[in-house]
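Just below is one structure, and these are the notes that go with it.
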Amino acid sequence: MTNFYLAKVRYTKQLENGTFKRVTEPYLFQGETYTDVEARIYEELAAYIRGEFKVTSIVPYKINEIVSVVNLENPIYKVFVNVQVVTDEEKKKAHKYAYLVESENVKKATESVEKHLSSLLVDSEIVKVEKTEILDIFFFKQSDSETEEQPNVGECYEEAIESEQDQEQQ
């Protein structure tokens, strides 16, 4: 399973006017453990940040899928969706999912997620869209000798539905 962690990093940043300011900025990392993520923070951010920096927090970040992140020139939005699934007993059951999408504005973020969800054969409703402060997303690096699991479209639905059906049957 793919886990994401929100890491906050504190360092001294030089502003456009030449002054220096102490800032804390959030970054999203894909990783398996806190230790793995912390090591990757130092490895990845050393190229971007001059001087010393301190990791002030690493917390799990609950998202089900990253829909569209291209070049991070636009803000990243977190879109919350309720999905209605009909169970074997013909009852509707709601599942909550969270998606990340890079977009120019809220409207385009909503449209991207709606387009993404249109291929699914379930009723869904976007209930909330919020702009995040995430500056960059760091995925697993893939080498020729190893392949890491990447988020898969629709896979989170199937896993959630199967696990809930298994739990209901027990």
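Kindly indicate whether GLU104 is charged (D, E, K, R), assigned to a loop (DSSP other than H, G, I, E, B) and under 15 Å from the mean Cα position of the chain (by Cα). Don't jump to the end; show me each part of the working.
Details: charged (D, E, K, R): yes; assigned to a loop (DSSP other than H, G, I, E, B): yes; under 15 Å from the mean Cα position of the chain (by Cα): no.
Here the answer is no, as GLU104 does not meet what is asked.
Between residues in the range 119-142 that are assigned to a loop (DSSP other than H, G, I, E, B) and residues that are hydrophobic (A, V, I, L, M, F, W, C), which pairs lie under 6 Å by C-beta distance while being six or more apart or on different chains?
If the second residue must be hydrophobic (A, V, I, L, M, F, W, C), the pairs left are VAL122/VAL83; VAL122/VAL85; THR132/ILE76; ILE134/LEU28; ILE134/ILE76; ASP136/LEU72.
All but one of (1) in a strand (DSSP E or B); (2) surrounded by 12 or more Cβ atoms within 10 Å (Cβ to Cβ) hold for ARG22; which doesn't?
Answer for ARG22: the failing condition is (2).
Quick one: in the range 25-36, which of the residues that are among the hydroxyl-bearing types (Ser, Thr, Tyr) and not in a strand (DSSP E or B) is surrounded by the most Cβ atoms within 10 Å (Cβ to Cβ)?
Filtering the range 25-36 for residues among the hydroxyl-bearing types (Ser, Thr, Tyr) gives 27, 33-35.
Right, trim to not in a strand (DSSP E or B) and you get 33-35.
On the way: THR33: 11, TYR34: 14, THR35: 10.
Looking at residues that are among the hydroxyl-bearing types (Ser, Thr, Tyr) and not in a strand (DSSP E or B), I get TYR34.
Which residues, counting only those in the range 1-47, are of a type outside the set (S, T, N, Q), within 19 Å of PRO75 (Cα to Cα) and touching a residue at least 24 places away in the same chain (Cβ under 8 Å)?
Just the residues of the range 1-47 that are of a type outside the set (S, T, N, Q), to begin with: 1, 4-11, 13, 15-16, 18, 20-23, 25-29, 31-32, 34, 36-47.
Those still in the list that are within 19 Å of PRO75 (Cα to Cα) too: 4-9, 23, 25-29.
Matches in the range 1-47: PHE4, TYR5, LEU6, ALA7, LYS8, VAL9, GLU25, PRO26, TYR27, LEU28, PHE29.
Filtering the range 54-96 down to residues that are touching a residue at least 60 places away in the same chain (Cβ under 8 Å) and either among the hydroxyl-bearing types (Ser, Thr, Tyr) or part of a strand (DSSP E or B) (or both), which residue is farthest from ILE134 (Cα to Cα)? Don't jump to the end; show me each part of the working.
As a first pass, look at the range 54-96 and keep what is touching a residue at least 60 places away in the same chain (Cβ under 8 Å): 64-66, 69, 72, 76, 83, 85, 87-88, 93, 95.
Checking which are either among the hydroxyl-bearing types (Ser, Thr, Tyr) or part of a strand (DSSP E or B) (or both) leaves us with 65-66, 76, 83, 85, 87, 93, 95.
Values: GLU65: 15, ILE66: 13, ILE76: 7, VAL83: 26, VAL85: 31, THR87: 36, LYS93: 32, HIS95: 25 Å.
Out of the qualifying residues, it is THR87.
Read-outs: derived from the displayed coordinates by stated rules, not from any lab. In this text, all values refer to a predicted model and were calculated from it rather than measured experimentally. Note that we place each Cβ from the backbone using ideal geometry, even for glycine, and neighbour counts take in every protein chain shown.
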